[in-house]
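Report on one structure; see the data block that follows.
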Amino acid sequence: MPTELKYIKGIGPRRADVLAREADIHSPEDVIEYFPYRYVDRSRIYTIRELTADMSYVQLIGRFVSKEVVGQGTKRRLSARFVDGTGSMEVVWFRGLNYVEGQINTSDEYLLFGKPSIFMGRMNMAHPDIERNPDRLQFSGKLMPMYNTTEGMKRAMITSKTMQGIVESVFAAVGTGAIRETLPAQLVARHNLMPRPQALWAIHFPTDLKTLDAARFRLKFEELFYIQLALLRSRNLNRSQVEGIRFTSPGPMLGSFYKDHLKFEPTGAQKRVVHEVWGDFKSGKQMNRLVQGDVGSGKTLVALLCMLIVTGNGMQACLMAPTEILANQHYESLVAELRGMDVGVALLTGSVKGKKRKAILDGLAGGSIGIVVGTHALIGPTVVFKNLALCVIDEQHRFGVAQRASLWTKNSRPPHILVMTATPIPRTLAMTIYGDLDVSVIDEMPPGRKPVFTEHYFYCNRNRLNAFIRSELQKGRQAYVVFPLIKENEKMDYKNLEEGFRYMKESFAEYKVCMVHGKLSADDKDEAMRQFVSGEAQIMVATTVIEVGVNVPNASVMVIESAERFGLSQLHQLRGRVGRGADQSFCILMTANELGRDTRRRIEIMCQTTDGFAIAEADMRLRGPGDIEGTQQSGIPFRLKISDLARDSQILSFARDCAKEVLAQDPMLASPQSVVMTQRLAELQNDTVNWSRIS
Ligand code: ADP
Ligand code: MG
């Protein structure tokens, strides 16, 4: 495509600057891919009498009978009276008063396009688009595109309407003929997709809904297809080029553990997942597998069984946790589970120092340690393994991609990697973020679990809350009280936490209350955890450091203070800390009285369901996929311009199937027919960091 934006007629250097600065639009392609976020039907003319405040954008035709600038300072506005024969209403502008005033005179007819509202009991319209002496025929049947505009764009008088003109100018300068088809002709023909040049035109200027749908489908398909193609191709590459560590037998340890040390029968889902891992181990390929399982589904046991296959074959395994607390806990439970078995287990975190550290490092290099549990300290350069064959990463979303990547260097042949997610994520998102991993799902809870009963309390119900906590403590149970801690607000949050701690100590003087937060020394944290785990302390006041992994089955109450400040997935994680034993457990969400709409919705969802996948889906609907925890770090290969993972799951599945089909015929995309695709992939990957090789 030719030319810079500033040379295109109808844009010019000033607007080109604003577009670049405000919307990251630098080229004609960027303009063409600046898609409308919705469309307004301008086929019908409304009358003032018909208007109600709940209507969306409408158009009216009539005349202005008066106009005046009124008010002072920020209240200064242009107020005009508009009539159409059925009634009259006030129309106001707060910006660009002089310009608009110059546009309005009482002798002409105007077309108004805007959203009606009620102000002081009367119908009113603010900042409509206006058009003098409209051609009544011009708008019939048209869907008008609406574009996002930032404050900066509006200040520079680039409104949605202006954007429409800019897009038109670009098409006029470039011509649809210059737009290349980016999908293989075969695919376009077989699935009857709209060709790219037409689709790009129609997405901006659809003649009717059917055309719009076809254009949308084509563009969404293309976007998702290329993401899947990139992910699946890199998976092929890993598989064909990387030789994995092969095991020909599960080894003796798995069997003896199963026979003599297992405390409970694994669930069907746990067995299936171990089986899937075993399939990878004996395949000769390097495993990159994701285990998804809701909180409490028993991922740790799965990890342990897999690690025993490795140690039984005389090799080493490591288990990485995101926090020291969690690493400690994993270590202690592993030591307990493996008591009496001939496996060396060690704990390596940042706070293991001096002689102890040296002994562990020696044990790892020499091979006397079979399983090491730790934090990111495990991937430091001083840690050398004799023969690392499996790395389990627990609660993955806390680990950066780069950290995962450095595991590859820990052995001459890259170790198998098993990622266990703490947060269930929607299927579409999993397919996209982890599209290059094989996925196993633990979709069954250990038997006898009762769903956690969840209730919403306002602060004014504090006495009732205390009475309830006391009644549970009297039955011998324990309780968590969690406070939010957000970096931006750290000072206040610590103050709330300390106050909450003091309040609980006073209110529950006959019990022991302990406290855990990130600023404590490792020793103090350990001591507080120990008190709670052993049952010496009955109440733990904490920040979200306990969000992931902590396992105290006797705890039956989870109180979440300022619950409105937590996201859904965090609330779900926190709630997962209780309900781990056979007893009925409770989660109480404490909030202020005044709640926003989204917050109320989040609280409702929490009270309605304990299904992590349903919650994840709801979370994605409320916040959009970009904000779901883990997505930023994992790095979706390209930015999504038109697809919405919350809504387009069917197109995504279809696109993935098509990508698979293409790769089945041409795994490396090496044939001449695939040039279209390799070229497009290269273009798309240019803008983004390429994470796809790692994981
Ligand atoms: P998560 O998947 O959240 O990491 P954990 O591995 O911590 O879950 O397991 C949660 C609890 O369930 C632990 O107390 C664990 O001992 C118990 N558990 C795991 N598997 C089973 C099973 N098959 N039967 C009974 N209890 C189990
Ligand atoms: Mg866990």
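The values are calculated or read from the model by the stated rules, or taken from the named source; none is laboratory data. If you're wondering where the values come from, they're calculated on a predicted model, not measured in any experiment. Neighbour counts are summed over all protein chains in view; Cβ atoms, including those assigned to glycine, are modelled from backbone coordinates with ideal geometry. When the accessible area is computed, the model is the full protein with side chains, heavy atoms only, and any ligands, DNA or RNA have been set aside. Shrake-Rupley method; radii C 1.70, N 1.55, O 1.52, S 1.80 Å.
Take the residues of the stretch 410-441 that are within 16 Å of ligand 1 (Cβ to nearest atom) and at pLDDT 80 or above: which is most open to solvent (accessible area, probe 1.4 Å)? Out of the qualifying residues, it is VAL439. Evaluated against (1) over 29 Å from the mean Cα position of the chain (by Cα); (2) among the polar types (S, T, N, Q); (3) buried (at least 17 other Cβ atoms within 10 Å of the Cβ), SER249 falls short on exactly one condition, (3). Residue count for the stretch 574-586 under the criterion of being within 24 Å of the chain's Cα centre (by Cα) and in a loop (DSSP other than H, G, I, E, B): the result is 2. Within the option set ALA303, ALA346, ALA327, ALA377, being within 16 Å of ligand 2 (Cβ to nearest atom) and touching a Gly at 6+ places or on another chain (Cβ under 7 Å) holds for one residue only, ALA327. When SER556 is tested against the conditions (1) more than 28 Å from the chain's Cα centre (by Cα); (2) within 16 Å of ligand 1 (Cβ to nearest atom); (3) open to solvent by 30 Å² or more (accessible area, probe 1.4 Å), the lone failure is (3).
Is it true that ARG565 is over 18 Å from THR323 (Cβ atoms), among the basic types (Lys, Arg) and surrounded by fewer than 21 Cβ atoms within 10 Å (Cβ to Cβ)?
Working: over 18 Å from THR323 (Cβ atoms): yes; among the basic types (Lys, Arg): yes; surrounded by fewer than 21 Cβ atoms within 10 Å (Cβ to Cβ): yes.
When the stated conditions are applied, ARG565 passes them.
Conditions (1) within 16 Å of ligand 2 (Cβ to nearest atom); (2) within 29 Å of the chain's Cα centre (by Cα), marked per residue:
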{"site": "ARG235", "(1), (2)": "no, yes"}
{"site": "ARG239", "(1), (2)": "no, yes"}
{"site": "GLU243", "(1), (2)": "no, no"}
{"site": "LEU254", "(1), (2)": "no, no"}
{"site": "ALA269", "(1), (2)": "yes, yes"}
{"site": "PHE281", "(1), (2)": "no, no"}
{"site": "GLY284", "(1), (2)": "no, no"}
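Is it the case that the stretch 89-100 has a residue that's buried (at least 18 other Cβ atoms within 10 Å of the Cβ) and within 37 Å of the chain's Cα centre (by Cα)? Checked the stretch 89-100: no residue is buried (at least 18 other Cβ atoms within 10 Å of the Cβ) and within 37 Å of the chain's Cα centre (by Cα). Being in a helix (DSSP H, G or I) and open to solvent by 80 Å² or more (accessible area, probe 1.4 Å) is a description that applies to LYS161.
Residues in the stretch 192-211 that are closer than 18 Å to GLN650 by Cα and not in a loop (DSSP other than H, G, I, E, B): 0 in all.
Checked against the criterion of being in a helix (DSSP H, G or I) and either within 15 Å of ligand 1 (Cβ to nearest atom) or aliphatic (A, V, I, L, M) (or both), the candidates LEU571, LEU589 yield just one match: LEU571.
Please go through the stretch 338-364 and pick out each residue that is under 25 Å from GLY251 (Cβ atoms), open to solvent by 40 Å² or more (accessible area, probe 1.4 Å) and either at pLDDT below 95 or within 32 Å of the chain's Cα centre (by Cα) (or both). Talk me through it step by step, then tell me what you get.
Here is the first cut: in the stretch 338-364, the ones under 25 Å from GLY251 (Cβ atoms) are 338-348, 360, 362-364.
Adding the requirement that they be open to solvent by 40 Å² or more (accessible area, probe 1.4 Å) leaves 339-340, 342, 362.
Scanning the stretch 338-364 gives ARG339, GLY340, ASP342.
Results for (1) crowded, with 22+ Cβ neighbours inside 10 Å; (2) more than 14 Å from ligand 1 (Cβ to nearest atom); (3) farther than 30 Å from PRO451 by Cα, shown as yes or no for each residue.
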| residue | (1), (2), (3) |
| --- | --- |
| ARG289 | no, yes, no |
| GLY296 | no, no, no |
| LYS299 | yes, no, no |
| LEU304 | yes, no, no |
| THR311 | yes, yes, yes |
| LEU326 | yes, no, no |
| GLN329 | no, no, no |
| ALA336 | no, no, no |
